[in-house]
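Chemist: After the structure tokens below, expect a handful of questions from me.
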Amino acid sequence: MASLRPISELGSLIQDHTRTIEDGMKGSPGGEFLTSFGSKPAQMPSSLAPPRAELLETLDELRARLLGPMGYLTSLALPSPVITIVLQTLYTYNIASHVPLTPGATITYPDLAARCGLPVDDTRRIMQAAIAFRIFEEASPDTSVRHNALSGILAVIPGMNDVLGFLVEEHTAAAAKFVESLRRWPGSGEPGHCALMLASRAEKGLSNDDFEDPSKGYFDFIADDEKRVARFRMAMGLASNSPAYSWSYFVDSLPWADSEQCPETIADIGGAGGELCHAILRKYPGVKKATVLDLPEVIAGVKAPEDLEARLDFAAYNFLAETVTLKVDAYVFRHIFHDWSDQYAAKILTNLVPALKSSSRIWIAEVVLPDLSESAHTRDQTQRGADLIMKIGHNGKERSKRGWEDLFAEADKRFRIESIVQPAGAHDAIIEVVFDA
Ligand SMILES: C[S@@+](CC[C@H](N)C(=O)[O-])C[C@H]1O[C@@H](n2cnc3c(N)ncnc32)[C@H](O)[C@@H]1O
């Protein structure tokens with residue numbers, strides 16, 4: 001472990017980075033970093049991303065070191081159920097929608113309680129806990145509240161409440177069942193053995209001791225529940241709209257402007273509505289034909305936009321149950337493998353093998369976990385957290401470079417990772433794989 005810097009040095013770094021950000025944001029929208037309702041969120045240029053990341057990391061380190069081992073551990077464990085209680089109640093009673101949206105307007109605790117159908121004393125206690133975590137503001141002590149920027153997004157951004165609902169209802173229930181899932185099915189890679197499925201079956205009064213097919217996962221389970229499917233789609237849609245998820249990182253990183261390297265034909269496996277192919281075809285005229293392969297129900301009714309009609313088509317394909325018959329120059333997978341444990345991810349790859357020739361390339365857009373770092377705990381908290389979310393939700397996983405190498409080796413020794421590129425600011429890396437047929 002590297003020797004730790006004196007805490008005064010951390011304080012100076014915090015001061016320096018804060019100044020850099022404040023100066024860099026002067027006069028820009030959101031540059032004052034206000035938290036009141038209606039204030040503009042800061043839109044920081046990418047040049048400020050490094051000082052921002054280092055500032056947040058330094059704040060995290062200083063806090064952990066000042067709290068000391070016992071204080072820091074308590075600071076993790078104690079708020080965790082409290083945050084769950086607060087967020088679950090905010091979602092279930094849609095509390096944000098009952099607080100007036102006129103800037104500065106307030107509501108008393110009894111009025112809010114009446115609108116939400118909650119007891120007054122509980123409403124006050126839940127709201128005050130929320131306010132302590134910076135959601136809402138107290139307008140008058142013990143009497144009334146109003147929105148702030150954070151609570152405001154729950155009320156005004158379409159889909160935000162769905163995101164909250166998805167997280168607090170599905171993930172929280174799954175988290176509570178995680179250890180039980182480990183005990184019941186140690187090491188299982190079956191989607192039906194994940195904690196979310198354990199929780200979902202228990203919630204419906206279904207047996208977890210005796211159920212038919214552990215290969216059926218969360219999406220199969222909720223398929224008939226329109227409300228849950230819509231909420232999941234909304235939550236994913238909102239998350240994938242964040243700039244770090246932009247298609248352009250992947251599309252721009254492909255070396256296909258060079259006609260020597262540009263494939264004439266490609267297939268996007270699990271390509272859903274074909275949006276990634278739209279971007280690829282528009283940027284690379286050398287790609288003459290793209291085919292989206294996905295489940296029949298997903299591609300049913302999906303059409304290519306007019307300008308791409310001659311170059312884009314869709315075909316039904318089940319990557320777990322069938323081998324690929326469509327032979328193209330390059331296969332693309334975006335956000336596919338992390339949904340699956342190694343045994344299923346390897347199956348997807350072995351099902352591709354019969355279509356591969358020695359010049360075939362596979363391009364994957366997904367996370368490549370970096371090694372843990374003493375100087376990037378906040379990044380690691382997010383990425384390792386996302387890995388566990390994939391586990392509780394699907395028995396899926398995020399993979400490190402080693403994890404990807406092991407996966408390809410398990411699938412077929414002829415796969416070889418040719419390159420991994422991590423564009424700055426992007427959530428995903430781009431993994432290029434060749435097949436030594
Ligand atoms: C997380 S989405 C990714 C979609 C798209 N590649 C993207 O980047 O937005 C996973 C995709 O895999 C597809 N999928 C799931 N199971 C499949 C299967 N057994 N066979 C083919 N596609 C499947 C889903 O329909 C969905 O389109």
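The values are calculated or read from the model by the stated rules, or taken from the named source; none is laboratory data. It should be emphasised that the depicted structure is a prediction, and the values quoted were computed from it without experimental measurement. Cβ placement follows ideal geometry from the backbone for every residue including glycine, while neighbour counts extend to all protein chains displayed. Areas reflect the complete protein model, heavy atoms only, side chains present, ligands, DNA and RNA absent. Shrake-Rupley method; radii C 1.70, N 1.55, O 1.52, S 1.80 Å.
Chemist: Return the residues of region 140-164 that are in a loop (DSSP other than H, G, I, E, B) and on the phi < 0 side of the Ramachandran plot; say none if nothing qualifies.
Modeler: Listed by number, the residues that qualify are PRO141, THR143, HIS147, ILE157, PRO158.
Chemist: Among the residues in region 376-387, are any modelled with pLDDT of 95 or more and within 16 Å of the ligand (Cβ to nearest atom)?
Modeler: Yes; the residues of region 376-387 include at least one that is modelled with pLDDT of 95 or more and within 16 Å of the ligand (Cβ to nearest atom).
Chemist: Then there's this: Condition first: part of a loop (DSSP other than H, G, I, E, B) and more than 12 Å from GLU57 (Cα to Cα). Now tell me which residues in region 369-405 satisfy that.
Modeler: Once the filter is applied, which keeps residues that are part of a loop (DSSP other than H, G, I, E, B) and more than 12 Å from GLU57 (Cα to Cα), region 369-405 yields PRO370, ASP371, LEU372, ASN395, GLY396, LYS397, GLU398.
Chemist: Any chance region 338-360 includes a residue that's away from the ligand (no atom under 14 Å from the Cβ), under 26 Å from ASP252 (Cβ atoms) and surrounded by fewer than 19 Cβ atoms within 10 Å (Cβ to Cβ)?
Modeler: yes
Chemist: Something else: Would you be able to say whether some residue in region 123-132 is surrounded by 16 or more Cβ atoms within 10 Å (Cβ to Cβ), touching a His at 6+ places or on another chain (Cβ under 8 Å) and not assigned by TED's automatic domain parsing to the domain that holds LEU34?
Modeler: No; the residues of region 123-132 include none that is surrounded by 16 or more Cβ atoms within 10 Å (Cβ to Cβ), touching a His at 6+ places or on another chain (Cβ under 8 Å) and not assigned by TED's automatic domain parsing to the domain that holds LEU34.
Chemist: Would you tally the residues in region 361-387 being out of contact with any strand residue (DSSP E or B) (no Cβ under 8 Å at 6 or more places or on another chain) and of a type in the set (A, V, I, L, M)?
Modeler: Of the residues in region 361-387, 3 are out of contact with any strand residue (DSSP E or B) (no Cβ under 8 Å at 6 or more places or on another chain) and of a type in the set (A, V, I, L, M).
Chemist: I would also like to ask the following. State all residues of region 319-355 that are within 16 Å of ALA409 (Cβ to Cβ) and part of a loop (DSSP other than H, G, I, E, B); if no residue qualifies, say none.
Modeler: SER341, LEU352
Chemist: Taking GLN15 and the conditions (1) outside any helix (DSSP H, G or I); (2) more than 26 Å from PRO423 (Cα to Cα); (3) of a type in the set (S, T, N, Q), which numbered condition does it fall short on, given that it satisfies the others?
Modeler: Result: GLN15 fails condition (1) only.
Chemist: While we're looking at this one, here's another question. Does at least one position in region 104-121 carry a residue that is more than 30 Å from LEU13 (Cβ to Cβ), β-branched (Val, Ile, Thr) and open to solvent by less than 40 Å² (accessible area, probe 1.4 Å)?
Modeler: Looking through region 104-121, at least one residue is more than 30 Å from LEU13 (Cβ to Cβ), β-branched (Val, Ile, Thr) and open to solvent by less than 40 Å² (accessible area, probe 1.4 Å).
Chemist: So, in region 293-319, of the ones that are under 18 Å from LEU349 (Cα atoms) and in contact with a helix residue (DSSP H, G or I) (Cβ under 6 Å, 6 or more places away or on another chain), which residue ends up nearest to the ligand (Cβ to nearest atom)?
Modeler: PHE319
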